[in-house]
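Encoded as structure tokens, the structure appears first; notes follow it.
The values are calculated or read from the model by the stated rules, or taken from the named source; none is laboratory data. Since we're looking at a predicted model, the values are computed, not measured. Note that each Cβ is placed from the backbone with ideal geometry, even for glycine, and that neighbours are counted across all protein chains shown.
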Amino acid sequence: MKKALAMFAVALLSMASAACPAKPGYAANGLVKLPAGVNLTCEGAVYREFKSLVTGEGWGEVLYVPRTSQGAASLTKIVKMITAKGYKEISRKKTEQMLIIRFKKNNVVLTSIRSEDREAMYMVLTGK
């Protein structure tokens, strides 16, 4: 788990302190409703590790699901919900350990970073 979180820092060297979502039950700073089964963490080891590694953005969230096909589908659904709100995918980078997608609508840029460990899949959402 720590290795995956360290990779987030490499990908987002300019990201600022993370904060819990602006609206309970929603992701992407209140943009989309969390699908059933998607958890958001604002405490614990994963969240503390994330906050300690990243700086630069206005907000950040750590979502997680069990490492199952249903969990993966739930994270994919969040990406589809973001694009349904008018955000266009402007870049996509896949590595062995993560998938980074950047979205833009007008002057607003959102970043989604997916990674996983033995037990869970994670999605970090950030923006300004």
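Yes or no: A72 in a helix (DSSP H, G or I), at pLDDT 80 or above and surrounded by 15 or more Cβ atoms within 10 Å (Cβ to Cβ)? In short, yes. When the range 54-69 is filtered for residues that are modelled with pLDDT under 70 and surrounded by fewer than 19 Cβ atoms within 10 Å (Cβ to Cβ), the ones remaining, listed by number, are T55, G56. Every test in (1) surrounded by 15 or more Cβ atoms within 10 Å (Cβ to Cβ); (2) of a type outside the set (F, W, Y); (3) out of contact with any Phe, Trp or Tyr (no Cβ under 6 Å at 6 or more places or on another chain) is passed by A45 save one, and that test is (1). Selection of the range 105-127 for residues being surrounded by 14 or more Cβ atoms within 10 Å (Cβ to Cβ) and not hydrophobic (A, V, I, L, M, F, W, C) yields K105, T111, S112, R114, S115, E116, D117, Y122, T126, G127.
Residues that are in contact with a helix residue (DSSP H, G or I) (Cβ under 7 Å, 6 or more places away or on another chain) and in contact (Cβ under 8 Å) with a residue 40 or more places away in the chain were ranked within the range 82-104; the one that is surrounded by the fewest Cβ atoms within 10 Å (Cβ to Cβ) is Q97. Filtering the range 75-99 to residues that are in a loop (DSSP other than H, G, I, E, B), modelled with pLDDT of 95 or more and either polar (S, T, N, Q) or at negative phi (or both) leaves K85, Y87.
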